[in-house]
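Visitor: Let me give you the structure first, and then I'll get to my questions.
The values are calculated or read from the model by the stated rules, or taken from the named source; none is laboratory data. Values in this document were obtained by computation on a predicted structure and should not be read as measured data. Virtual Cβ from ideal backbone geometry, glycine too; neighbours counted across all protein chains shown. Each accessible area value is taken on the protein alone, full model and side chains, heavy atoms only, with ligands, DNA and RNA left out. Shrake-Rupley method; radii C 1.70, N 1.55, O 1.52, S 1.80 Å.
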Amino acid sequence: MPQDAFTLRYLCQELDKLFTGGKINRIIQPSNDEVVFTVYTGGRTQKLLLDVNPANPRIAVIERDKESPLTAPNFCMLLRKHLLSSTITGINLIGFDRIVRIDFLTSDEFKDSVKKTLYVELMGRYSNVILTEDGKILGGNRGINMFDNGVRPLIVGHPYVFPPVGDKKLPTDTALIEIFDNCDEQRLAECVTANVQGIATSTAKEIVSSFKSIYKPFGKQFFEHLNQKLYSSKFQPCVLFEGDDAKDVMVYPYATLGGDIKSFSTLYEAEEFYFAEKEKIKKYKNKKERLTAVLSSAIKKVKKRIVAISSKQKDAEDAEENRLKGELILSNIYRIKQGDKECVLDNYYDGSKVKIVLNENLSPSKNAENFYKKYNKQKRTQIALKPQREQADTELAYLVSVMDEIELAETIDELNFVQAELLSVGIIVEKQAPTKKKKEVETQFREYKVFGFTVRAGRNNAENDKLTFTAKGDDVWVHVKDHHSSHVVIEKNGKEITENVIRVAGEISAYYSKAREGGKTEIVYTEKKHVKKPPKSKPGFCIYDNFKSMVVEPKKHAEFLKCE
């Protein structure tokens with residue numbers, strides 16, 4: 001996003017208007033990178049956030065409450081000591097760089113007014129919050145009592161020095177005219193980013209896109225164009241979307257960036273919306289990764305168990321052969337002598353010859369007994385392994401179905417449903433018993449209105465069970481054939497359900513399944529009374545009969561959706 005000096009200039013103007021004259025009522029530091037001031041101003045309370053997270057440093061107005069740690073960090077205690085009950089006298093951008101200056105008026109022990117300044121440096125990995133008095137450092141969020149990047153001293157009691165800007169110049173510096181004169185017009189945006197303070201690449205491209213030189217050299221023309229654009233009053237705060245994803249927040253819509261926009265009355269509201277959306281995406285990705293890791297580990301363990309069971313089953317495959325050898329030895333015991341190492345006997349079942357290796361130290365009857373012992377042990381193993389293999393196969397199928405749910409989940413709420421399901425079946429185990437009973441995640445099916453019929457779809461295995469087995473017997477149940485999918489129920493309510501309604505329901509079920517990756521797929525449908533759940537089966541598993549089928553194209557059908 002263009003969180004550059006151009007954007008910050010407009011933001012600081014809004015914050016200055018909103019907070020100047022406000023009194024600091026509360027200061028908390030929710031995390032190492034964040035400081036939140038609660039400010040009483042204009043008859044209401046607002047929260048001012050200073051966030052120096054290197055990934056997304058920002059200054060913002062927030063509505064959401066943030067949790068304060070039980071023990072306040074040292075920097076938070078310093079701010080409380082110096083700034084609690086103080087009054088904000090101004091919020092301004094320093095020059096044209098990403099440094100915001102917040103001025104405070106406080107009182108000392110003798111009730112004299114004292115001016116203090118907080119510098120918020122929003123500069124990527126060098127971001128910092130530094131408190132000063134009379135130009136000298138009182139403390140900082142990080143990087144204090146050291147040399148910042150080996151260049152400037154950040155030491156308590158020493159004068160505060162601005163970060164070095166290198167060779168970059170203020171937009172108003174006329175020395176830029178010569179630089180622009182010597183620049184290739186095709187590389188003008190790169191030239192702006194490399195030589196002008198506080199301008200992001202996207203902002204530079206937007207400014208250059210509207211410039212057309214009248215004559216050469218064009219340095220002076222572009223210098224005037226640049227400043228006119230940077231200091232103009234054009235203002236239409238907005239968030240840029242690509243599909244459902246918030247991609248950028250801007251002072252006004254950039255013609256060089258395509259996509260849909262959502263407009264706001266203030267820039268700080270646009271930024272708060274944008275960062276809230278990004279935070280949702282971040283939480284969604286983190287939760288998805290955690291659930292995927294837990295489930296992958298569980299799947300790996302089950303597969304390992306299946307391999308071990310398969311190995312034992314393979315070892316027991318020749319049980320009938322051992323039984324036959326023992327039987328043939330007893331039938332031909334008069335032909336075998338102790339000390340024989342092997343014998344070849346006629347298989348009276350199919351007329352073939354059977355070669356049998358014998359233990360020369362044992363009698364023929366003992367050799368036969370050994371083969372029967374092996375046979376009996378192998379049969380017991382086969383009997384014991386069969387239910388174990390069935391259980392492992394069922395468990396693996398269930399875990400794979402939940403993995404499909406995770407991959408298909410589009411919101412963090414849907415992932416919360418999956419997490420609740422994994423907790424209920426014991427795949428996720430809470431480390432400590434909760435002190436109070438947690439509120440259960442509320443079931444909320446996807447609900448559609450399709451040509452006058454109510455159609456509901458489950459979001460996960462637990463919801464699929466609840467939806468299917470609370471439906472009426474004559475309601476129509478829809479599912480993707482041979483794939484894990486959302487269970488979909490069409491409420492009949494005494495009306496005749498048409499094929500078009502069933503098709504839409506099938507398309508929804510196919511969309512919320514792995515089958516959607518392969519295009520057209522087959523769905524099955526039947527009355528709910530023909531759907532049964534076997535005893536002790538995993539959530540989401542059922543059997544059905546008396547069904548019909550049709551081929552459909554997976555579709556989300558958001559146009560029919562009543563509530564998410």
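Visitor: Can you work out which of the residues in the range 1-57 that are polar (S, T, N, Q), within 17 Å of E272 (Cα to Cα) and touching a residue at least 60 places away in the same chain (Cβ under 8 Å) is most open to solvent (accessible area, probe 1.4 Å)?
Guide: That would be N56.
Visitor: Also, I was wondering about something else. If you go through the range 283-297 one residue at a time, do you hit one that is out of contact with any Asp or Glu (no Cβ under 6 Å at 6 or more places or on another chain), surrounded by 13 or more Cβ atoms within 10 Å (Cβ to Cβ), of a type in the set (K, R) and free of Cβ contacts under 8 Å to residues at least 12 places away in the same chain?
Guide: Yes; the residues of the range 283-297 include at least one that is out of contact with any Asp or Glu (no Cβ under 6 Å at 6 or more places or on another chain), surrounded by 13 or more Cβ atoms within 10 Å (Cβ to Cβ), of a type in the set (K, R) and free of Cβ contacts under 8 Å to residues at least 12 places away in the same chain.
Visitor: Would you pick out the residues in the range 442-485 that are of a type in the set (A, V, I, L, M) and either open to solvent by less than 20 Å² (accessible area, probe 1.4 Å) or over 30 Å from the mean Cα position of the chain (by Cα) (or both)?
Guide: V450, V455, A457, L467, A471, V476, V478, V480
Visitor: Kindly indicate which of A255, A204 is within 33 Å of the chain's Cα centre (by Cα) and within 21 Å of D184 (Cβ to Cβ).
Guide: The conditions single out A204.
Visitor: I'd like the full set of residues that are within 30 Å of F6 (Cα to Cα) and open to solvent by 60 Å² or more (accessible area, probe 1.4 Å), limited to the range 67-95.
Guide: Once the filter is applied, which keeps residues that are within 30 Å of F6 (Cα to Cα) and open to solvent by 60 Å² or more (accessible area, probe 1.4 Å), the range 67-95 yields T89, N92.
Visitor: How many residues does the range 164-181 hold that are open to solvent by 20 Å² or more (accessible area, probe 1.4 Å) and either touching a residue at least 24 places away in the same chain (Cβ under 8 Å) or in contact with a helix residue (DSSP H, G or I) (Cβ under 7 Å, 6 or more places away or on another chain) (or both)? Give the steps one after another, and end with the answer.
Guide: Let us first name the residues in the range 164-181 that are open to solvent by 20 Å² or more (accessible area, probe 1.4 Å), namely 164-170, 172-175, 177-179, 181.
Those still in the list that are either touching a residue at least 24 places away in the same chain (Cβ under 8 Å) or in contact with a helix residue (DSSP H, G or I) (Cβ under 7 Å, 6 or more places away or on another chain) (or both) too: 165, 167-170, 172, 174, 177-179, 181.
Looking only at that region, the number is 11.
Visitor: Please go through the range 365-421 and pick out each residue that is in a helix (DSSP H, G or I), hydrophobic (A, V, I, L, M, F, W, C) and in contact with a Leu (Cβ under 8 Å, 6 or more places away or on another chain).
Guide: If we filter the range 365-421 for residues that are in a helix (DSSP H, G or I), which is where we start, we get 365-408, 412-421.
Remaining after also requiring hydrophobic (A, V, I, L, M, F, W, C): 368, 371, 383-385, 392, 396-397, 399-400, 402-403, 406, 408, 412, 415, 417-418, 420.
If the condition is that a residue be in a helix (DSSP H, G or I), hydrophobic (A, V, I, L, M, F, W, C) and in contact with a Leu (Cβ under 8 Å, 6 or more places away or on another chain), then A368, L399, V402, M403, I406, L415, V418 are the ones that fit.
Visitor: Given the options E190, E206, name the one that is outside any loop (DSSP other than H, G, I, E, B) and either surrounded by fewer than 17 Cβ atoms within 10 Å (Cβ to Cβ) or in contact (Cβ under 8 Å) with a residue 60 or more places away in the chain (or both).
Guide: E190
Visitor: Based on what the data block shows, is S233 among the small types (G, A, S) and farther than 26 Å from C12 by Cα?
Guide: No.
Visitor: Suppose we keep only residues that are of a type in the set (A, V, I, L, M) and free of Cβ contacts under 8 Å to residues at least 12 places away in the same chain within the range 300-351. Which one would you say is most open to solvent (accessible area, probe 1.4 Å)?
Guide: The first filter runs over the range 300-351 and keeps only residues of a type in the set (A, V, I, L, M), leaving 302, 306-309, 316, 319, 324, 328-330, 333, 336, 344-345.
Those left that are additionally free of Cβ contacts under 8 Å to residues at least 12 places away in the same chain: 307-308.
On the way: V307: 101, A308: 51 Å².
Per the criteria, the residue is V307.
Visitor: If you don't mind, another one. Could you go through the range 509-531 and let me know if any residue there is over 26 Å from I427 (Cβ atoms), open to solvent by 70 Å² or more (accessible area, probe 1.4 Å) and part of a loop (DSSP other than H, G, I, E, B).
Guide: Yes, the range 509-531 has at least one match.
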